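Note sheet for the following structure.
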Amino acid sequence: MAAVMPNESESSAGAPTPDALEQMLGQLHAMECAVRAEFLKTAASYVASKAWLSDGARDLAEWLVGRFAISPYQARELARVADAVVCLPKLLSAFAEGRISWDQLRVVTKYATPDTDERLAEQVPGLSLRSIEAKARAARTMSAAEAKRQHDDQFLLLYRRGEDRLRIRGELVGEWAAVVEKALLRRLEAQPKPPEGEDPLPYDVRLASALHELCSGAIGADPDPDRATVVVHTDLHALHAHDGVADIEGLLISSETVRRLCCDGRIQEVLEIGGIPIGIGTTSRTVPFHLRRLLTERDQGCRFPGCSRRRWVHAHHMWHWEDGGPTDLGNLVLLCSYHHHFLHEGGWKIRGNP
């Protein structure tokens, strides 16, 4: 029986070999660069015609956002590069031939000039993106008008998604970006390590927790506690049930989360009939100030084994007050927000003499 050798570009199962796939990716990348180069030249001509004015757009970037549903940042970069390459034919040619990438072209056009066009078209293919970015930063200048435009382009959007989610989307620059990043990373560094045997939470979850802690601290320090209070509405029966839900500022949370929040919160009883409040009871703090002072002096911070956090701590009822547990020193223990959440929603239990 004769043996049949497979084609060099195909495996025994008929699928392309890794070498063939690599060659295909290179060809596709070159095609992508060529197509985008044509897009840039066409966009530059479209700008010159000022046809975008008839669509009510203020500039090409705004027109691109509305016409092709791309992000404002991407649209601004496309418009900027399209304007720049009009005077940089050598760099545009290198991009169209696939010798430099879109990211290389995008960065080098920040400092390239007609006089340096030919030289950079020869140098850039051999440079890493990081080195090109370093050159761009070194050559960067910024007018007062550009600084104002950059500042005015910042935004932050909050919008609800479904019954239990808040989405945050935005873009910050300059000192705003640096301050927010530093504050979040500092809070991230201060978070305790997970208990032994527990996997650490993903980075994005811990970053969200850091943002929550910063906002929680700001609300706690607000001089107008009534306006800063986050209100939870829950049915008494749902609070007793371990699979119930409650309403917090229009968002749904679990009854177990409510039980955690009630550990060290201000409780106001409201009598309702058919969902309509007909009477408001007295408002009382679950842990009185004098008791909280004794608790803080005794525990000196979070009592979870191995945790050394002393700020943003909550008074936790070991025997929950809703289940009949007393609010006295022998039934209270300080926990940081991370470990307080860990005990309630995480399913852990705590016992012993605090």
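The values are calculated or read from the model by the stated rules, or taken from the named source; none is laboratory data. Source: prediction; values computed, not measured. No Cβ is skipped: glycine too gets one built from the backbone with ideal geometry, and neighbour counts run over all protein chains shown. For accessibility, only protein heavy atoms count, side chains too; no ligands or nucleic acids. Shrake-Rupley method; radii C 1.70, N 1.55, O 1.52, S 1.80 Å.
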Any idea which of (1) modelled with pLDDT of 85 or more; (2) assigned to a helix (DSSP H, G or I); (3) open to solvent by less than 60 Å² (accessible area, probe 1.4 Å) is the one residue 186 doesn't satisfy? (3)
Per the list (1) within 21 Å of residue 37 (Cβ to Cβ); (2) surrounded by 11 or more Cβ atoms within 10 Å (Cβ to Cβ); (3) out of contact with any Lys or Arg (no Cβ under 8 Å at 6 or more places or on another chain), residue check on residue 111 breaks on (3)
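Quick check, is residue 73 under 25 Å from residue 177 (Cβ atoms), part of a strand (DSSP E or B), open to solvent by 70 Å² or more (accessible area, probe 1.4 Å) and aromatic (Phe, Trp, Tyr)? Don't jump to the end; show me each part of the working.
On the way: under 25 Å from residue 177 (Cβ atoms): yes; part of a strand (DSSP E or B): no; open to solvent by 70 Å² or more (accessible area, probe 1.4 Å): yes; aromatic (Phe, Trp, Tyr): yes.
No: the conditions fail for residue 73.
Say whether the condition of being in a strand (DSSP E or B) and open to solvent by 70 Å² or more (accessible area, probe 1.4 Å) is met by at least one residue in the stretch 169-176. Show your work before the answer.
Step one: filter the stretch 169-176 for residues in a strand (DSSP E or B), giving 169-171.
Narrowing further to those that are open to solvent by 70 Å² or more (accessible area, probe 1.4 Å): 169.
Yes, some residue in the stretch 169-176 is in a strand (DSSP E or B) and open to solvent by 70 Å² or more (accessible area, probe 1.4 Å).
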Single match in 208, 238 (criterion: open to solvent by 50 Å² or more (accessible area, probe 1.4 Å), small (Gly, Ala, Ser), in a helix (DSSP H, G or I) and free of Cβ contacts under 8 Å to residues at least 40 places away in the same chain): 208
Would you check if there is a residue in the stretch 153-163 being open to solvent by 60 Å² or more (accessible area, probe 1.4 Å), in contact (Cβ under 8 Å) with a residue 12 or more places away in the chain and acidic (Asp, Glu)? yes
Suppose the filter is free of Cβ contacts under 8 Å to residues at least 40 places away in the same chain, open to solvent by less than 50 Å² (accessible area, probe 1.4 Å), closer than 25 Å to residue 25 by Cβ and not small (Gly, Ala, Ser); does residue 81 pass it? no
Which condition breaks for residue 254 when tested against (1) crowded, with 17+ Cβ neighbours inside 10 Å; (2) within 25 Å of the chain's Cα centre (by Cα); (3) at pLDDT below 75? (3)
Matching residues in the stretch 292-328 (at negative phi, surrounded by 15 or more Cβ atoms within 10 Å (Cβ to Cβ) and modelled with pLDDT of 80 or more) number 11
Does residue 267 count as surrounded by 11 or more Cβ atoms within 10 Å (Cβ to Cβ), at pLDDT below 70 and either among the aliphatic types (A, V, I, L, M) or under 30 Å from residue 198 (Cβ atoms) (or both)? yes
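Somewhere in the stretch 132-139, is a residue within 25 Å of residue 203 (Cβ to Cβ), out of contact with any helix residue (DSSP H, G or I) (no Cβ under 9 Å at 6 or more places or on another chain) and surrounded by 11 or more Cβ atoms within 10 Å (Cβ to Cβ)?
Pass one, the stretch 132-139, residues within 25 Å of residue 203 (Cβ to Cβ): 133.
Still in the list and also out of contact with any helix residue (DSSP H, G or I) (no Cβ under 9 Å at 6 or more places or on another chain): none.
There is no residue in the stretch 132-139 that is within 25 Å of residue 203 (Cβ to Cβ), out of contact with any helix residue (DSSP H, G or I) (no Cβ under 9 Å at 6 or more places or on another chain) and surrounded by 11 or more Cβ atoms within 10 Å (Cβ to Cβ).
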Specify the residue that is surrounded by the fewest Cβ atoms within 10 Å (Cβ to Cβ); the eligible residues are those in the stretch 92-108 that are out of contact with any Cys (no Cβ under 8 Å at 6 or more places or on another chain) and over 15 Å from residue 130 (Cβ atoms). 93
Return the residue satisfying two criteria in turn: it lies in the stretch 114-128 and is open to solvent by 60 Å² or more (accessible area, probe 1.4 Å) and part of a helix (DSSP H, G or I), and of such residues it is nearest to residue 41 (Cα to Cα). 118
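Say we look at the stretch 189-205 and pick out the residues that are more than 13 Å from the chain's Cα centre (by Cα) and open to solvent by 70 Å² or more (accessible area, probe 1.4 Å); which of these is modelled with the highest pLDDT? Let's see the steps before the verdict.
Within the stretch 189-205, the first condition is being more than 13 Å from the chain's Cα centre (by Cα), and the residues that meet it are 189-201.
When the remaining residues are screened for being open to solvent by 70 Å² or more (accessible area, probe 1.4 Å), the result is 189, 193, 196-201.
On the way: 189: 85, 193: 79, 196: 75, 197: 73, 198: 75, 199: 78, 200: 79, 201: 82.
By that ranking, first place goes to 189.
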Only one of these is among the small types (Gly, Ala, Ser), modelled with pLDDT of 85 or more and either touching a strand residue (DSSP E or B) at 6+ places or on another chain (Cβ under 8 Å) or within 23 Å of residue 249 (Cβ to Cβ) (or both): 121, 177, 208, 112. Name it. 208
Which numbered condition in (1) of a type in the set (A, V, I, L, M, F, W, C); (2) in contact (Cβ under 8 Å) with a residue 40 or more places away in the chain; (3) over 22 Å from residue 310 (Cβ atoms) is the only one that residue 190 fails? (3)
Single unsatisfied condition, residue 7 versus (1) modelled with pLDDT of 90 or more; (2) outside any helix (DSSP H, G or I): (1)
What's the number of the only condition in (1) within 32 Å of the chain's Cα centre (by Cα); (2) at pLDDT 90 or above; (3) part of a helix (DSSP H, G or I) that residue 100 fails to meet? (3)
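Would you check if there is a residue in the stretch 108-125 being among the acidic types (Asp, Glu), within 30 Å of residue 176 (Cα to Cα) and either touching a helix residue (DSSP H, G or I) at 6+ places or on another chain (Cβ under 7 Å) or free of Cβ contacts under 8 Å to residues at least 60 places away in the same chain (or both)?
Residues of the stretch 108-125 among the acidic types (Asp, Glu): 115, 117-118, 122.
Okay, now just the ones that are also within 30 Å of residue 176 (Cα to Cα), so none.
Scanning the stretch 108-125 turns up no residue that is among the acidic types (Asp, Glu), within 30 Å of residue 176 (Cα to Cα) and either touching a helix residue (DSSP H, G or I) at 6+ places or on another chain (Cβ under 7 Å) or free of Cβ contacts under 8 Å to residues at least 60 places away in the same chain (or both).
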